[in-house]
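Peer 1: A single structure is presented below for examination.
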Amino acid sequence: MTTSGVASAATPEASRRQTTAQTDLPSGNPRPTGHNPRMPPTDFNYSLWLLVVDWLIRIAALVWIPTRTTPGAARSWMLLIAFVPLAGLPLYLLFGHPWLSRQRVERQRAASQVIRAEQAPLADQRWHAPADTPAAEMVPLVERLGDFMPTHGNGVELLDDYDEALRRLVADIDGARERVHLLYYLMFDDAAGTMVADALRRAAARGVQCRLLLDAVGGKRGLRRFRQPLRAAGVEVHDMLPGGLRWRRSGRMDLRNHRKLAVIDNRAAWVGSQNLADAGFIPGFPNRELVARVQGPVVAHVEGVFASDWFIETGERLAVTPTLPLHDADIATQLLPSGPAYPFENARDAVNALIHLARRRLVLVTPYFVPDDATLSALRIAALSGVDTQLILSKSNNQRLTAWAQESYYAELLAAGVKIALHRPRFLHAKHLSVDGDMALVGSINLDIRSFALNAEIGMLCYDPDVVARMRRIEDDCLADAEQLSADDWARRPAWRRSREGIARLADPLL
């Protein structure tokens, strides 16, 4: 009786459920009995989907990345993507390949053709290196890489006093009669930047044609502070490699124009490492620099570099007037522009050639030292061959990751016999090198992968014993305020520092 009562009570409820299930569909279509309307028709496996995507990214990276980057950079990117594919792929797309817009590459090619064509009639200005000398090997290499022939009849001043160099530049601007062309990576809204901006306004008021090119990232403070006032005064101001909505007309967002140069009429030009900012624009790191003030035919060549960058940024072609040789100076110089718009890594190839040509003494000064395999090998071979090889770096460094990465190279170089000195107390931001007693290079080129492959740079070679002797005095002064590392002392550093160095070195494609 109890059993029959339960069955009887359950029957109406079961009937209602069955009726609901059968009539709950549109158009009276019956729904299968026992179906739960809240459950999806299939249970999608998201874990399997993520696993498939991860491996597809890894396989695509293995096929694609090695064909677009150097082997060292490819290994670093492959390692990152192997660990974190979903994060590594977007980072590679942003920073992995140093691409420039087609327009920029084509404009650089056109500028190179013009530079070569306009030098052809100036055969009397060409300097001919003595046969069977290291200079005779460097000249054709640099000319094929960077377009400029070597010229004689130049005057070269080397200035390593920061404030004095800035005052001399402002004095040149104040003495300009026709034009002032400035191209700099960095300009700050500090006392130094204000001095230069005020000098440009005074020159424009005299009727001097003034143009200013600043890197869009390095010069953003100067652009923000001075662009409108300078334009209102008649100075033409443009940013280089702009970002934002214009980045597709530029290139990879971390490619920068790192050059520092100035041209005053046909009278003087400046090439070096010093920016338009106070020496202490980075707190705690007052800069030590080296710039060259030049006169003679090389002035027109420096202006040719400025005109090329102006054309690349604006599409406007500027006339460049040849400069006559000096009567009271006869220094042979040759310009070396480099950057991702050129078909080769001009700076790296020229620096490595200089290292290989050294026979007695080689001194290299740089704030950032993250070399590629070719440069590391060249330094090691030079030292093992008996060349007195001295590397002068800064003990303080405003780029912490770069500082850790460059320390990872010390042990190998010290073991090969390369001398490493750490300059103090200032931040040694100068970039120059000397080879034996015959050749010197000064400019904006750091000995790192960024300068070699990613940045637009400028260097000037001097084939002159007197210039090399003056640079050696500057190098000796840097060494007087430096500590030499020893292989034994360096080997005693803690294990955690070695691990830090190795990890930082993996990021060398971005440094």
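The values are calculated or read from the model by the stated rules, or taken from the named source; none is laboratory data. From a predicted model like this one, the values you see are computed outputs, not experimental measurements. Quick reminder, even Gly has a Cβ in these numbers, built from the backbone with ideal geometry, and neighbours come from all protein chains shown. Areas reflect the complete protein model, heavy atoms only, side chains present, ligands, DNA and RNA absent. Shrake-Rupley method; radii C 1.70, N 1.55, O 1.52, S 1.80 Å.
Peer 1: Leaving out ligands, DNA and RNA but keeping every protein chain, what accessible area does D190 have, in Å² rounded to the nearest 10, with a 1.4 Å probe?
Peer 2: 30
Peer 1: In square nanometres and to one decimal, what's the mean projected area of the convex hull around the Cα atoms of the stretch 111-231? List each step's numbers first, then the result.
Peer 2: Details: hull surface 40.5 nm².
For the Cα atoms of the stretch 111-231, the hull's average projected area reads 10.1 nm².
Peer 1: At 0.692 mPa s and 37 °C, plugging the Kirkwood radius over alpha-carbon pairs of the stretch 371-484 into Stokes-Einstein gives what diffusion coefficient in µm²/s? Please report the intermediate quantities before stating the final value.
Peer 2: Details: Rh = 15.0 Å.
In µm²/s, the coefficient rounds to 219.
Peer 1: Follow-up. Decide, for the stretch 348-391, between rounded, prolate and oblate: order the square roots of the alpha carbon gyration tensor eigenvalues as a ≥ b ≥ c, take rounded if a/c falls under 1.5, and otherwise choose prolate if a/b is larger than b/c, else oblate. Please report the intermediate quantities before stating the final value.
Peer 2: Numbers: a/c = 1.61, a/b = 1.33, b/c = 1.21.
In terms of gyration-tensor shape, prolate.
Peer 1: What are the trypsin sites (Lys or Arg not before Pro) within the stretch 200-301 that DSSP puts in a loop, where the Cβ has at most 11 other Cβ atoms within 10 Å?
Peer 2: Details: sites: R201, R202, R206, R211, K220, R221, R224, R225, R227, R231, R246, R248, R249, R252, R256, R259, K260, R267, R288, R293; in loops: R206, R252, R256, R259, R267.
Sites meeting the loop and neighbour criteria: R206.
Peer 1: Taking the DSSP beta bridges in the chain as the whole, what percent of them are antiparallel, to the nearest 5?
Peer 2: On the way: 43 of 70 bridges.
That works out to approximately 60 percent antiparallel.
Peer 1: Within 10 Å, count the other beta carbons around each residue, average over each peptide in 57-69, 300-312, 384-396, and list them highest first. Could the numbers behind the result be given before it?
Peer 2: On the way: 57-69: 14.6, 300-312: 24.6, 384-396: 19.5.
Listed from highest to lowest mean packing, they are 300-312, 384-396, 57-69.
Peer 1: Here's another thing I want to ask about it. Compute the distance from the alpha-carbon center of the stretch 253-272 to that of the stretch 485-507, in whole Å.
Peer 2: 36
Peer 1: Measure nothing but the geometry: give the 0 to 90° angle between the long axis through the Cα atoms of 102-119 and the longest principal axis through the Cα atoms of the chain, rounded to 10°.
Peer 2: That works out to roughly 10 degrees.
Peer 1: Next question, about the same structure. Take the alpha carbon gyration tensor of the stretch 434-509, find the square roots of its eigenvalues, order them as a ≥ b ≥ c, and report rounded if a/c is under 1.5; if not, report prolate when a/b exceeds b/c, else oblate. List each step's numbers first, then the result.
Peer 2: Numbers: a/c = 3.64, a/b = 1.46, b/c = 2.50.
Oblate is the answer for the stretch 434-509, as a/c is 1.5 or above yet b/c matches or exceeds a/b.
Peer 1: Let me ask another. Roughly speaking, what is the centre-to-centre gap between the stretch 351-401 and the stretch 49-68 when only Cα atoms are used, to the nearest Å?
Peer 2: 36
Peer 1: Any idea what angle helix 495-505 forms with the longest principal axis of the chain, computed on alpha-carbon atoms, 0 to 90 degrees, nearest 10?
Peer 2: Taking the Cα atoms of the chain, the angle to 495-505 is about 90 degrees.
Peer 1: Still on this structure, please answer the following. Test of the criteria: in the stretch 335-384, which chymotrypsin sites (Phe, Trp or Tyr not before Pro) are in a DSSP loop and have at most 15 other Cβ atoms within 10 angstrom of their Cβ? Could you put the intermediate results ahead of the total?
Peer 2: Working: sites: F344, Y368, F369; in loops: F344, Y368.
Loop-located and lightly packed - F344.
Peer 1: Please compute the per residue accessible area over the chain with all protein chains in place, 1.4 Å probe, rounded to a whole number of Å². Let's see the in-between values first.
Peer 2: Working: 23520 Å² over 511 residues.
I get 46 Å² per residue for the chain.
Peer 1: Using bins 10 angstrom wide from zero, how does P(r) for the stretch 205-283 break down, in % of all Cα pairs?
Peer 2: Over the stretch 205-283, the share of Cα pairs per 10 Å bin runs 16, 42, 36, 7 percent.
Peer 1: Further question on the same structure: Given the peptides 333-343, 352-362, 122-132, arrange them by the average over their residues of other C-beta atoms within 10 Å, most packed first.
Peer 2: Numbers: 333-343: 24.2, 352-362: 19.2, 122-132: 12.9.
Averaged packing, sorted descending, gives the order 333-343, 352-362, 122-132.
Peer 1: Lys pairs in the chain, Cα-Cα under 20 Å, at least 8 apart or on separate chains: how many? Mind showing how you got there, number by number?
Peer 2: Numbers: K220/K260; K260/K431; K395/K419; K395/K431; K419/K431.
Step by step, the pairs that qualify in the chain add up to 5.
Peer 1: Roughly how many Å is it from the Cα centre of the stretch 440-472 to that of the stretch 84-144, as a whole number?
Peer 2: 15
Peer 1: Nearest 500 deg cm²/dmol is fine: what mean residue ellipticity at 222 nm does the chain get from its DSSP H runs of n ≥ 4 alone, each adding -39,500 (n - 2.57), divided by its residue count? Provide the component values of the computation, followed by the final result.
Peer 2: On the way: 17 runs with 225 residues, N = 511.
Helix-only estimate at 222 nm: -14000 deg cm²/dmol.
Peer 1: Largest first, please: the extent of the C-alpha atoms of the stretch 235-335 along each principal axis, to the nearest Å.
Peer 2: Projected onto its principal axes, the Cα set of the stretch 235-335 covers 50, 41, 26 Å.
Peer 1: So for the chain, what percent of the C-alpha to C-alpha distances run longer than 40 Å? Mind dumping the intermediate values first?
Peer 2: Values: 40678 of 130305 pairs.
Value for the chain (Cα pairs over 40 Å): 31 percent.
Peer 1: Evaluate the Debye formula for the stretch 312-391 with equal point scatterers sitting on the alpha carbons, no solvent, and hand back log10 of I(q)/I(0) at q = 0.14, 0.19, 0.27 Å⁻¹, in q order, two decimals.
Peer 2: Cα-only, vacuum Debye calculation for the stretch 312-391: -0.71, -0.95, -1.35.
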